[in-house]
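Please read the structure below before turning to the comments.
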Amino acid sequence: MKLKVCGMKYQDNMNQVAALQPDYLGFIFYEKSIRNFDTECIPELPKVIKKTGVFVDAELNFVLEKVSKHNLQAVQLHGNESPEYCLKLKRHYEELSDVVISSKKTDCHDFEKKYPNDKLEIIKVFSIKDKFNFDVLKPYESVCDYYLFDTKGKLPGGNGYTFDWNVLNNYPSTKPFFLSGGIGINQIDDIKAFQKSKASKYCYAIDVNSKFEIEPGLKKIEDLKEFKNKLSNNIMNYNVNKKGYYGEFGGAFIPEMLYPNVEELRQNYLKVMAEPDFKKEFDQLLKDYVGRPSPLYFAKRLSEKYNTKIYLKREDLNHTGAHKINNTIGQILMAKRLGKTRIIAETGAGQHGVATATVCALMGLECIVYMGEIDIARQAPNVARMKMLGAKVVPALSGSRTLKDATNEAIRDWINNPVNTHYIIGSAIGPHPYPDMVTKFQSVISEEIKWQLKEQEGRENPDYVVACIGGGSNAAGTYYHYLHEENVGIIAVEAAGLGVDSGESAATSVLGKEGIIHGCKTLLMQTDDGQITEPYSISAGLDYPGVGPMHAHLCKTGRAEFMAITDDDAMKAGLKLCELEGIIPAIESSHALAIFEQRTFNPDDVIVVSLSGRGDKDLQNYIDYFKI
Ligand SMILES: *Cc1c(COP(=O)(O)O)cnc(C)c1O
């Protein structure tokens, strides 16, 4: 069930409430209300939180002006607004959005970021005492998106007591509704009971206000947090907890010498990411430098072939050719905020090394990339790129001289240079806070999918999201905003190499056992006495013996369905995409595309596949494999 927090008034308090990630935040535009929002602007909030304006029998122009000024995504009508009024509002909004988009700016918002075609949600409020005549809903069925049922009181809203929810047993509609009116932390048990009743079938969200206040308009953060947790108690939490764990996986298992570095990051990362200046710079670079938003492309011919609806999230079109740059942009800004002047990174195939060298050049920081000696030899073009971009590439000469050994070298370097150096880890792995930080930087992927899909399919949620998993950063970004949407299936695709049972594979979820690698507890391929097994995959980006802790948790809880794809099947799927859509994918991404040969979907299923990178770097591999 979704959560709406209504009656926001103060900027700091808004940011604190927004950090709890409610689904809706309500702002009351009604002079007679003590919670009337009369501040100049609503601060920049995460786009997934819908800003909702609450009005009482207001002039249409007044509503439209507020919608435009504050970039509201929903309007809640609390008076006696007629169905015609609702319809007019919708029509005018459509005209207005054209105007607003062409004029780009209002006092409060830069509308370049507004999603064209975005639709304004209309929530019509009805107040209930002991009885309710549901016939009054009928004329509103086609003109609003949601109903909200509130307690009937002297003033619209904020009366502080609940109505008898049993009235809703006679709800005749299928329109989703908000439940409101005096709901506080003491109602949790009632809500749980209500959730089991027939009446709750169409209950879409809980709306809270006065019961969570210190004074009108000022919300108690701790209580809201507790309420939100309890509300979602019956569903599993897939986000990181305070101690850095996803269920039993994660944590920070690091040598003592590394503690100051990791601790400095842990104490600062959320604070820094929440700073308006940071967000602004991050968004701006993603837009102008990386080229975001990356398109969500409906792959028509591929969809026809597999008789289902397949969308590709085009991370391959990002600058430097993969999703890796989302994370390195975020981390380089973080490093600068923490006063670091020297950057180190590990790389396998070289994609993360290139993305790191790129942002270091952009910011004028020193860059050292550790890379296994074997990988340096087999990934020559990327080594050349890193050097051109001014990075120093240092060979890792120990062990199998591949990614795992490069990571060991980078950690060693960091221990020796704790003060001026930041270590940019390239996937959703490593000690806490790295998996969470990397996931949050990559979460822009699913943030975009939500509005892009709404534009194209009329709904934010696909039936499935699909991504390949090396350490799991493109997957974490693709899943992030869908983790708690139970109707969205999550499919994780691992590399089976020459076959899961061949001894030459990287299918961690099948072959892995709990263990510790590079600072976190996760699923890991290892021998009976705990030595890490050498992984194998034709794709260098998936050639890692573990998965990030979030994915270990998704696997263990059954939230994600894991599939393993062999080299052969991946290569064929890559070629198929070339033939059908004119896109040469990275071999990593080809693994995700290969699932359609193994699993059937319904014709009306909507499936979003993360196309994590482009295939330029893999041309030689494709050429050798297909003898082109
Ligand atoms: C690095 C890479 C991957 C694997 O890394 P994740 O962290 O699992 O996303 C996948 N695809 C491409 C194109 C890559 O460069």
**Study point:** Subset of the stretch 45-59 that is under 17 Å from TYR146 (Cβ atoms) and of a type in the set (D, E, K, R) - its residue that is surrounded by the most Cβ atoms within 10 Å (Cβ to Cβ)
**Key:** LYS51
Study note, to complete from the structure: Scanning the stretch 438-485 residue by residue, the ones that are touching a residue at least 60 places away in the same chain (Cβ under 8 Å), away from the ligand (no atom under 13 Å from the Cβ) and within 29 Å of LEU524 (Cβ to Cβ) total 7
Check your understanding: Restricting the search to the stretch 347-377, which residues are touching a helix residue (DSSP H, G or I) at 6+ places or on another chain (Cβ under 8 Å), of a type in the set (D, E, K, R) and either within 12 Å of the ligand (Cβ to nearest atom) or without any contact (Cβ under 8 Å) to a residue 60 or more places away in the chain (or both)?
Key -> GLU366
**Study point:** Candidate set: the stretch 484-519, residues that are in contact with a strand residue (DSSP E or B) (Cβ under 7 Å, 6 or more places away or on another chain) and farther than 27 Å from VAL609 by Cβ; chosen: the one surrounded by the most Cβ atoms within 10 Å (Cβ to Cβ)
**Key:** ILE517
Practice item. Select from the stretch 228-259 the residues that are farther than 24 Å from ILE415 by Cβ and of a type in the set (D, E, K, R) and write down the one among them that is modelled with the highest pLDDT. Key: GLU248
Check your understanding: Of the residues SER294, SER303, which is within 15 Å of the ligand (Cβ to nearest atom) and among the hydroxyl-bearing types (Ser, Thr, Tyr)?
Key -> SER294
Practice item. Sort out which residues of the stretch 553-588 are under 16 Å from ALA475 (Cα atoms), touching a Gly at 6+ places or on another chain (Cβ under 8 Å) and aliphatic (A, V, I, L, M), and write them in order of number. Key: ALA586, ILE587
Review point. In contact with a Phe, Trp or Tyr (Cβ under 7 Å, 6 or more places away or on another chain), away from the ligand (no atom under 15 Å from the Cβ), touching a residue at least 60 places away in the same chain (Cβ under 8 Å) and not small (Gly, Ala, Ser): does that describe ARG337?
Key: yes
Practice item. Would you mind listing the helices (runs of 4 or more DSSP H) fully within the stretch 544-628 where at least 2 residues are away from the ligand (no atom under 13 Å from the Cβ)? Key: 549-556, 567-581, 595-598, 619-626
Check your understanding: When LYS225 is evaluated against the numbered criteria (1) more than 30 Å from ILE183 (Cα to Cα); (2) surrounded by 14 or more Cβ atoms within 10 Å (Cβ to Cβ); (3) under 23 Å from the mean Cα position of the chain (by Cα), which criterion, by number, is the only one it fails?
Key -> (1)
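The values are calculated or read from the model by the stated rules, or taken from the named source; none is laboratory data. Everything quoted here is computed from the prediction, not taken from an experiment. For neighbour counting, all protein chains shown are included, and Cβ atoms are generated from backbone atoms with ideal geometry for every residue, glycine included.
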